[in-house]
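The values are calculated or read from the model by the stated rules, or taken from the named source; none is laboratory data. Bear in mind the structure is a predicted one, so any value in this text is a computation, not a measurement. Methodologically, a virtual Cβ is constructed for each residue, glycine included, from the backbone with ideal geometry; neighbour enumeration extends over all protein chains shown. We work out accessible area using only protein heavy atoms, side chains counted, and drop any ligands, DNA or RNA first. Shrake-Rupley method; radii C 1.70, N 1.55, O 1.52, S 1.80 Å.
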Amino acid sequence: AVTTEFGITNSAFAINNMIVLGIGIFISPIVSKYLAGPHFKKTYLMGIASYIIGLVGYSISQNIYIFYFFSLFIGIGFITSTMIPASLLINNWFVEKRGLALSIALSGLGVGGFVLSPVITILITNIQWRMTYLIYAITIAVVVIPITIFLLKFKPEDIGLQALGAEEAKSKTNSGENVNDGKVSLSVKDSKTKLFFIALIGGSLI
């Protein structure tokens, strides 16, 4: 719908994705630093705000170059509100079943796309793409911001709890038992020959 209105190719529109992902590459070290510190919630909310600004900007864009500009905001919002904070939160809240919890959490990206794609298509067909972007932005504001402010806790200790499995791990450590913390002692060179590394790269490419 956007390419038709602007009279551009799909390739020109796809540059938006390149900008979004490219921004993540450059700012992820900075974002990780702030999310891992005492300003997690504030940084997360700034990322959500950036996402909303980008979506509203998309809805009022008059040409593809304005789209490119607002893709910068989407890139900041995406990296600040998805993969990095999810990993940090899971790491803080789970000692036991950490891998399973992270897998379930990150599967939301795929499931969300699967569920929302037909919904977005219906919205675009019935109320046009500009209003669809606006509804997308409003939905994030109405759903995510209250959850972040009132429910999201960076660490279980913040509300007097412990991470799942933390007490058992502590008991094993105190008793001298060997606790498997999930770390793998491999050099980069050696890891390249391992099946799990090859599977990881293959999955990422697919």
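A few comments on the model shown:
- In segment 110-124, the count of residues that are within 21 Å of Phe6 (Cβ to Cβ), among the polar types (S, T, N, Q) and in a helix (DSSP H, G or I) is one or more.
- Ser81 satisfies every condition listed in (1) within 16 Å of the chain's Cα centre (by Cα); (2) under 24 Å from Lys170 (Cβ atoms); (3) touching a residue at least 24 places away in the same chain (Cβ under 8 Å) except (2).
- Selection within segment 97-154 - more than 18 Å from the chain's Cα centre (by Cα) and among the charged types (D, E, K, R): Lys97, Arg130
- Pick from segment 24-62, criterion closer than 27 Å to Ile124 by Cα and of a type in the set (A, V, I, L, M, F, W, C), ranking: most open to solvent (accessible area, probe 1.4 Å): Ile60
- Scanning segment 148-166 for residues that are among the aliphatic types (A, V, I, L, M) and loosely packed, with under 10 Cβ neighbours inside 10 Å yields Leu151, Ile159.
- Residue pairs meeting the criteria (Cβ under 7 Å; at least 6 apart or on separate chains; first in contact (Cβ under 8 Å) with a residue 40 or more places away in the chain and closer than 21 Å to Glu168 by Cβ, in segment 96-122; second open to solvent by 50 Å² or more (accessible area, probe 1.4 Å) and polar (S, T, N, Q)): Arg98/Asn91
- Cross-chain or 6+ apart pairs with Cβ under 7 Å, segment 17-39 first and free of Cβ contacts under 8 Å to residues at least 40 places away in the same chain, then surrounded by 12 or more Cβ atoms within 10 Å (Cβ to Cβ) and in a helix (DSSP H, G or I): Tyr34/Thr43
- Qualifying residue in segment 190-201 (condition: within 21 Å of the chain's Cα centre (by Cα) and at pLDDT below 90): yes
- Any hit, segment 154-172, residues being touching a residue at least 40 places away in the same chain (Cβ under 8 Å) and of a type in the set (Phe, Trp, Tyr): yes
Quick grid of which residues meet (1) farther than 18 Å from Ala12 by Cβ; (2) not hydrophobic (A, V, I, L, M, F, W, C):
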site	(1), (2)
Phe40	yes, no
Leu45	yes, no
Ile48	yes, no
Ile52	yes, no
Tyr58	no, yes
Ile66	no, no
Ser71	no, yes
Gly75	no, yes
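- Condition met for Asn91 (open to solvent by 50 Å² or more (accessible area, probe 1.4 Å) and at pLDDT 95 or above): no
- From the list Tyr65, Tyr58, the lone residue that is part of a helix (DSSP H, G or I), in contact with a Phe, Trp or Tyr (Cβ under 7 Å, 6 or more places away or on another chain) and within 18 Å of Glu5 (Cα to Cα) is Tyr58.
- All positions within segment 104-144 that are β-branched (Val, Ile, Thr), within 30 Å of Ile90 (Cα to Cα) and open to solvent by 90 Å² or more (accessible area, probe 1.4 Å): Ile104, Ile138, Val142
- Check on Phe73, of a type outside the set (Gly, Ala, Ser), at pLDDT 95 or above and in a helix (DSSP H, G or I): yes
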